[in-house]
Amino acid sequence: MPYEEEEMLPVYLFVGFLESGKTKFIQETLEDKRFNTGERTLLLVFEEGEEEYDTTNFKRDNIFLRVVDDKSDMTPENLQRLVDECDAERVIIEYNGMWQVTELFDAVPDGWAFYQVMCFVDATTFAQYNANMRSLVVDKFNICELVVFNRFERSYNPEQFHQIVRGVSRRCEIAYEYTDGTVAYDDIEDPLPFDIDAPHIVIQDNDFALWYRDIMEEPEKYDGKTITFKALTAKNPKFPKNTLATGRHIMTCCVDDIQYCWCATQFEDVSDIPEKCWLMITAKIKVQKHKLYKGKGPVLFVTDYAPSAPPEKEVATFY
């Protein structure tokens, strides 16, 4: 049944740098009868590498290959036109590794739903990409559900690759495809550097970025807990009474992406607290609706605070 406008269009997104194995994986997937059961599929390619698709091996005439190699053509109107031309029921995207994924998300038409996002990485060249194009690596790892390191040698240390991925995301799975054809899934334990089961959690300065990402990803884990951490305050006349933002600047990959990351924090009285001052805060966490979140989020109810010197490194990182 062709895709109808009022329905959500399933989209499968494959990201990674040139020659990372995306084309090979998509080719094999579309040759697999368990995946390709006849749905009219738009195969949308945003970069062409040395390996090309062999459409004759798809066994069906339901795959429609289209190439968009000019970023100016990545518009909602053009992408929807390609879907309509094919009467596509789903879309598979091989994305250009040198383009930011957020640019694609901004360009997709209404009604497109990303069902799966996978990232492929050539393990032999990964260190170079991570050193020289860190922002693009973070861009890919930040949105994917699975990272596959292919061309993986037995001499490589999986823990080194694991740590880089976990520096960006604690949610995505990791797989290592060895050169002998075997595949191993990452089972390295990744405990948080603080005791999440303790009723009173103390966050060291070096662990702030990890804690902040974790509480924003899974706030329910912290509901009812007491937390102590060092934070920089921010005021705004539009905030509710006696509410401040407390948090720190966090750098994910480079100076350009530094952002002030904060929690809504309720004090008994904020009149004596200066703007942009460092405090050591102890607070009770409640996950609830709050105006600053436009929905539910971790709200900190301060039980104690005191002026504090800044951390040794004022910008928090994941390393």
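Please treat every number below as a calculation from the coordinates, not as lab data. Predicted model, so just to flag it, every value in this text is computed and none were measured. For neighbour counting, all protein chains shown are included, and Cβ atoms are generated from backbone atoms with ideal geometry for every residue, glycine included.
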query: Whole number please: convex hull volume per residue of the Cα set in the range 1-140, in Å³?
result: 108
field: Paired Rg and Dmax values of the range 252-319, which use every Cα atom, in angstrom
entry: 14.0, 37
query: Where does each of 70-79, 10-19, 210-219 land if you order them by average Cβ count within 10 Å, highest first?
result: 10-19, 210-219, 70-79
message: What are the extents of the Cα atoms of the range 233-273 along their three principal axes, in Å, largest first?
response: 36, 16, 15
- request: Using amide H atoms built 1.01 Å from N in the peptide plane, name the residues 5+ places from LEU65, or on other chains, whose amide H lies under 5 Å from its own.
  value: LEU43
query: Quick one: what does P(r) look like for the range 132-253 with 10 Å bins over all Cα pairs, in whole %?
result: 10, 33, 31, 17, 6, 2, 0
message: On C-alpha positions alone, give me the angle between the axis of helix 76-86 and the longest principal axis of the chain, in degrees, nearest 10.
response: 30
query: Across every pair of different alpha-carbon atoms, what Kirkwood hydrodynamic radius in Å does the range 188-319 reach?
result: 15.1
task: Work out the FRET efficiency for ASP106 and ALA306 from their Cβ-Cβ distance, taking R0 = 41 Å, and round it to the nearest 0.05.
output: 0.40
query: What does the highest-first list of 232-242, 93-103 look like by mean Cβ count within 10 Å?
result: 93-103, 232-242
- line: Dimensionless Rg/Rh of the chain, both radii on Cα and Rh by Kirkwood, sits at 1.04
message: Students often check this: by mean Cβ neighbours within 10 Å, which of 263-269, 285-291 ranks highest, and how do the rest follow?
response: 263-269, 285-291
statement: Under 5 Å from the placed amide H of LEU9, counting only residues 5+ away or on other chains, we find TRP112, ALA113
query: Is the shape of the range 179-250 best called rounded, prolate or oblate, per the rule: a/c under 1.5 gives rounded, else a/b larger than b/c gives prolate, else oblate, with a ≥ b ≥ c the square roots of the Cα gyration tensor eigenvalues?
result: prolate
field: Cα gyration tensor shape for the range 139-184, rounded if a/c is under 1.5, else prolate or oblate
entry: prolate
